[in-house]
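**Student:** What follows is a structure written as structure tokens; I'll ask about it next.
Computed from the coordinates by the stated procedures, all read-outs in this text should not be read as laboratory data. Keep in mind that this is a model prediction, so the values were computed, not measured. Positions of Cβ are backbone-derived with ideal geometry, glycine not excepted, and every protein chain shown enters the neighbour counts.
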Ligand SMILES: Nc1nc2c(ncn2[C@@H]2O[C@H](COP(=O)(O)OP(=O)(O)O)[C@@H](O)[C@H]2O)c(=O)[nH]1
Ligand SMILES: [Mg+2]
């Protein structure tokens, strides 16, 4: 299975290409979607970890997914991982297989897995890192943040920009309970500082690092924003996979070569990432929702990707105002889409279907009388505006007014078209009727003349 390049590097510049992904996802357009992405420093085993998620889904999340006899010596498939100094991944890759699951309430789900180039480490360009992390974070419903050795204050500092964007979104939408980002899970690799391991110890450790930051005003501000910007924060402590394995030239991720403690880590971490324990009714990864908590489809995700590409290409992805502008546009777009979906379906069915052969000679049931026509339009317009009003929309008054006007104009254009089509049919019918009357009168006159009556 090949990978799809979403962001790649050409001549030192990033190219954001959405078409291959759009094509791949087209058949899942109406599915709800989960996006799992991994980001973090260079050469810290990101691709390696992402591949265990792929393995888990490939084996249908079977209980024995890691220990199954026939996989103990198998190569680990997925994103390329390698023991070398130079980075392997540039930009952002999407795993070419989309996993389909079933959700108890939301029906079909598509799971998309992303791998990203190393960021926020020595030698990496800061604005490049911000751009890559922003795309990853905005697209994902679960963001894994990979760190080797230890989690420190500076790792959390890297999130400051995103926390301030999140805070801005919360402040501007104070009347709606809005959550800018979903799940953030720190994966600490090669943890050797004490005997703690796994998710519970890791999450306690994350809390302790956060509490240590409360000694400064800036630290408190960052923490508050992080806590409100993310739906859920967790941390998992992993042991080293095993020096013999990782250093060996023939190591291709064979389970048989991994240390037990690392395997225990995978057995806890991967199902945790792949099953949302906050939703008791189902066992799929966290579904992608909008900041205003609408469950999104693959189609909505593509709209988000288009918006992100636009700010990415304009170089404004590190500006909270631009990010907010892009996302409020997506949120208004979704409201229009929902309202227009209802409106278009009603417009398509407003006038009776008329076969081509009757185009010049409509019959009475091919058009509506004026009262009926106006009554239906009135009802459909009201319902369309009700749907528009019910849709959650991010605050941005001016932009919202423009979008509302756009919908109003479209509806009024449709009404004009429908009205003239209806009148046209009625007029043609009248002519036909008149012609028929003339014909009847003529034939009656003829009968009278020849006395056949
Ligand atoms: N020390 C250590 N090495 C790892 C770990 N996981 C994978 N590796 C090895 O680290 C190297 C780089 O892995 P890769 O997944 O390509 O790293 P990435 O650049 O972060 O994507 C490979 O040789 C892996 O086998 C880990 O948890 N600890
Ligand atoms: Mg990699």
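**Student:** For region 137-289, which semi-axes, largest first and in whole Å, follow from the square roots of 5 times the eigenvalues of its Cα gyration tensor?
**Tutor:** They are 31, 19, 13 Å, listed largest first.
**Student:** Using DSSP, restrict attention to beta bridges with both residues in region 3-316 and report what percent are antiparallel, rounded to the nearest 5.
**Tutor:** About 40 percent, rounded to the nearest 5.
**Student:** A further question follows. Note down the nm distance, to one decimal, between modelled labels 7 Å out along Cα→Cβ at residue 80 and at residue 319.
**Tutor:** 3.6
**Student:** Cα centroid distance between region 320-335 and region 176-204, in Å?
**Tutor:** 29
**Student:** Can you tell me the relative contact order of the chain? Whole percent, Cα pairs under 8 Å, sequence separation 6 or more.
**Tutor:** 16
**Student:** Expressed as a rounded percentage, what relative contact order does region 147-198 have, with Cα pairs under 8 Å and six or more residues apart?
**Tutor:** Over region 147-198, the number comes to 56 percent.
**Student:** While we're on this one: Sort 83, 419 so that the residue with the fewest other Cβ atoms within 10 Å of its own Cβ comes first and the one with the most comes last.
**Tutor:** 83, 419
**Student:** Next question, about the same structure. Limiting things to C-alpha atoms, what are the Rg and the maximum Cα-Cα separation (Dmax) for the chain, in angstroms?
**Tutor:** My reading of the Cα-based Rg and Dmax gives 29.7, 118 Å.
**Student:** Show me the ranking of peptides 371-379, 14-22 by mean Cβ neighbours inside 10 Å, starting with the highest.
**Tutor:** Result, highest mean first: 14-22, 371-379.
**Student:** Normalising by the residue count of region 335-442, find the relative contact order in percent from Cα pairs under 8 Å and 6+ residues apart.
**Tutor:** The value is 46 percent.
**Student:** For region 335-442, treating each Cα as an identical point scatterer without solvent, what Debye log10 I(q)/I(0) comes out at q = 0.11, 0.16, 0.20 1/Å?
**Tutor:** Log10 of I(q)/I(0), two decimals: -0.47, -0.77, -1.02.
**Student:** Using Cα atoms only, what is the angle between the long axis of helix 217-229 and the major principal axis of the chain, expressed in degrees (0 to 90) to the nearest 10?
**Tutor:** 50
**Student:** Still on this structure, please answer the following. Could you please rank 148, 359, placing first whichever residue has the fewest other Cβ atoms within 10 Å of its Cβ?
**Tutor:** Lowest to highest Cβ neighbour count: 359, 148.
**Student:** Within 10 Å of each residue's Cβ, count the other Cβ atoms and sort 203, 365 from fewest upward.
**Tutor:** Going from least to most buried by this count: 365, 203.
**Student:** Quick check on packing: order 57-66, 311-320 by the mean number of other C-beta atoms within 10 Å, highest mean leading.
**Tutor:** Listed from highest to lowest mean packing, they are 311-320, 57-66.
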